[in-house]
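*Asks:* Take this structure first; my questions come after.
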Amino acid sequence: MHAALVERPGSCIRRLAGKRRREMQFTRFLRNDAVTPDEIAAHAAAGTAARAEGRDVVVIQDTSELALGGRRARANGYGPVGKGGALGGLLLHAVLAVDAGTGELFGLINAKVWNREGGKVESRRSRATADKESQRWIDGSARAGEVLAGARSITMVSDRESDIYEYFACRPANVHQIARACQDRQIETEDKSACLLFAFIDRLPEQGRFTVNIPAAPGRKARVAELAVRFSPVVLRRPRHGAADLPATIPLTVVDVRETSEPEDSEPIHWRLLTSHTVTLLGEARKIVDTYRLRWTVEVYFHTLKTAGFNIEDADIGNPPAMMNFVAAASVAAITIMQLVQARDGNTGQKLADAFDPDDQPILEAVSIQLEGNTERQKNPHPKGSLAFASWVIGRLGGWTGYYGKPGPRVMRRGLEDFQRIKYGATLKLRL
């Protein structure tokens, strides 16, 4: 099923299978009580751990809502998701591992899939963290520490939703954290008096500036931004409600980053980053910022899963547990698609067998010869047997010319579909 999801990304089981017999196999697999999203994710995590052995790893976690189609989804037993509870669907909390230096995607650490049920819930303050959805941030950090025990270093990166006291208090010993601050919580000053975090940050002197390239995004042009940086050690105070069994204080470092000018088409950057790393120099603060920027990888991942690759929200599986299993399976396959996109530059060193069957190599080599043009930019520059070689072929099949930028997930999806047709045709010719 993983091979089918990679070769022809999509959300229609019938189309993925191609044959009635295979369709029934996939359906039985997804509905099998022994198959769960946790087991699927654990199998993927084992491969991730092997690839990350001895490396400096950044782990990125985030949650995305999967809207599955209003009334039909509600009738099939999916709970309300989204603002106002207007849509039925699932939630996916993905935990990804990437190389700290290159951004190479190692793979999936965890994929928690759940169905949010409707109805009134108790007050947030009256519930333990373990009974809240926010427990997923703590679990993701703990799981990273377990899976990546063989890594040289681990830094967990997360956005503002993870800014809860328990997240920092429960940090595994082998995991550092960088989280964007959301709560203007109390901190303890040198004289043991209390102060609000944001007011403290605003009083800090500027300690340097540097420039970064901000990539284009929907509604935003690419630009070069100058960032002013402030940083200081801080001591968080335990909140007054629901944390009596946690440490009274937690020492961290805050790195404040602000764009010095007003961009025309978007809000200026302003990140207040809380980290367990020690920061005493501007270069160390820059490293924290660059590490946090790797969080964009998970946004590309969700885009691949939902829009550019699999169109997962179009899936029409009426059985909620089976749909959860399908989301988990597609979550693993989306990693392979992203690795194929990353391999296009030949920087990851991955082998063709990481994403393709060994029998695919002669077909890819034959197609590469047909696609190559007369100029150097129209020739496949990568060694045979590498994933980069296959990535070049798939990109060209998807419509990339070798010029005008680089192929993305959508182009790769089209290329994979064309490659599947070519592979099928080659199989037919051999049979004849």
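The values are calculated or read from the model by the stated rules, or taken from the named source; none is laboratory data. Because the structure is predicted, anything quoted here is derived from the model rather than measured. All Cβ positions, glycine included, derive from the backbone under ideal geometry; neighbour counts span all protein chains shown. Ligands, DNA and RNA are excluded from the accessible area calculation, which covers all protein heavy atoms including side chains. Shrake-Rupley method; radii C 1.70, N 1.55, O 1.52, S 1.80 Å.
*Asks:* Within segment 167-181, count every residue that is in a loop (DSSP other than H, G, I, E, B), in contact with a helix residue (DSSP H, G or I) (Cβ under 7 Å, 6 or more places away or on another chain) and open to solvent by 40 Å² or more (accessible area, probe 1.4 Å).
*Replies:* Matching residues across segment 167-181 total 3.
*Asks:* Scan segment 169-197 residue by residue and report those that are touching a residue at least 12 places away in the same chain (Cβ under 8 Å), out of contact with any Gly (no Cβ under 6 Å at 6 or more places or on another chain) and among the hydrophobic types (A, V, I, L, M, F, W, C).
*Replies:* 169, 170, 173, 178, 179, 181, 182, 187, 194, 196, 197, listed by residue number.
*Asks:* Here is a further query. Cβ-Cβ under 7 Å, sequence separation 6+ or interchain: first residue in segment 330-358 and in contact (Cβ under 8 Å) with a residue 24 or more places away in the chain, partner of a type in the set (Val, Ile, Thr) and part of a loop (DSSP other than H, G, I, E, B). Which pairs?
*Replies:* Short answer, once both residue conditions are applied: 342/348; 347/102.
*Asks:* I would also like to ask the following. Residue by residue through segment 23-37, note down the ones that are surrounded by fewer than 13 Cβ atoms within 10 Å (Cβ to Cβ) and either part of a helix (DSSP H, G or I) or in contact with a Pro (Cβ under 6 Å, 6 or more places away or on another chain) (or both).
*Replies:* Those that are surrounded by fewer than 13 Cβ atoms within 10 Å (Cβ to Cβ) and either part of a helix (DSSP H, G or I) or in contact with a Pro (Cβ under 6 Å, 6 or more places away or on another chain) (or both): 24, 28.
*Asks:* Here's something else I'd like to know. Among the residues of segment 182-229 satisfying the criterion of being in contact with a helix residue (DSSP H, G or I) (Cβ under 9 Å, 6 or more places away or on another chain) and under 20 Å from residue 168 (Cβ atoms), which is least open to solvent (accessible area, probe 1.4 Å)?
*Replies:* Per the criteria, the residue is 187.
*Asks:* Among the helices (runs of 4 or more DSSP H) confined wholly to segment 248-357, which include 3 or more residues that are within 30 Å of residue 201 (Cα to Cα)? Break it down stepwise before answering.
*Replies:* Numbers: elements: 282-293, 296-303, 320-342.
It comes to 282-293, 296-303.
*Asks:* Can you find a residue in segment 181-191 that is under 28 Å from residue 107 (Cα atoms) and acidic (Asp, Glu)?
*Replies:* No, that holds for no residue.
Residues checked against (1) modelled with pLDDT under 95; (2) of a type in the set (Gly, Ala, Ser); (3) surrounded by fewer than 16 Cβ atoms within 10 Å (Cβ to Cβ):
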site: 6; (1), (2), (3): yes, no, no
site: 10; (1), (2), (3): yes, yes, no
site: 21; (1), (2), (3): yes, no, yes
site: 54; (1), (2), (3): no, yes, yes
site: 63; (1), (2), (3): no, no, no
site: 67; (1), (2), (3): yes, yes, no
site: 71; (1), (2), (3): yes, no, yes
site: 83; (1), (2), (3): yes, no, yes
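*Asks:* So, one more: Name the residues in segment 138-148 that are open to solvent by 50 Å² or more (accessible area, probe 1.4 Å) and farther than 13 Å from residue 48 by Cα, would you?
*Replies:* Once the filter is applied, which keeps residues that are open to solvent by 50 Å² or more (accessible area, probe 1.4 Å) and farther than 13 Å from residue 48 by Cα, segment 138-148 yields only 139.
Table: residues versus (1) open to solvent by 30 Å² or more (accessible area, probe 1.4 Å); (2) of a type outside the set (D, E, K, R).
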position: 310; (1), (2): no, yes
position: 327; (1), (2): no, yes
position: 331; (1), (2): no, yes
position: 337; (1), (2): no, yes
position: 344; (1), (2): yes, no
position: 351; (1), (2): yes, no
position: 357; (1), (2): yes, no
position: 381; (1), (2): yes, yes
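*Asks:* Give the residue that is surrounded by the most Cβ atoms within 10 Å (Cβ to Cβ), with candidates limited to residues of segment 359-377 that are of a type in the set (D, E, K, R) and in a helix (DSSP H, G or I).
*Replies:* Going through the qualifying residues, I end up with 360.
*Asks:* Evaluate segment 149-163: report whether one residue or more is surrounded by fewer than 17 Cβ atoms within 10 Å (Cβ to Cβ), within 16 Å of residue 276 (Cβ to Cβ), in contact with a helix residue (DSSP H, G or I) (Cβ under 8 Å, 6 or more places away or on another chain) and at pLDDT 95 or above.
*Replies:* Among the residues of segment 149-163, not one is surrounded by fewer than 17 Cβ atoms within 10 Å (Cβ to Cβ), within 16 Å of residue 276 (Cβ to Cβ), in contact with a helix residue (DSSP H, G or I) (Cβ under 8 Å, 6 or more places away or on another chain) and at pLDDT 95 or above, which makes the answer no.
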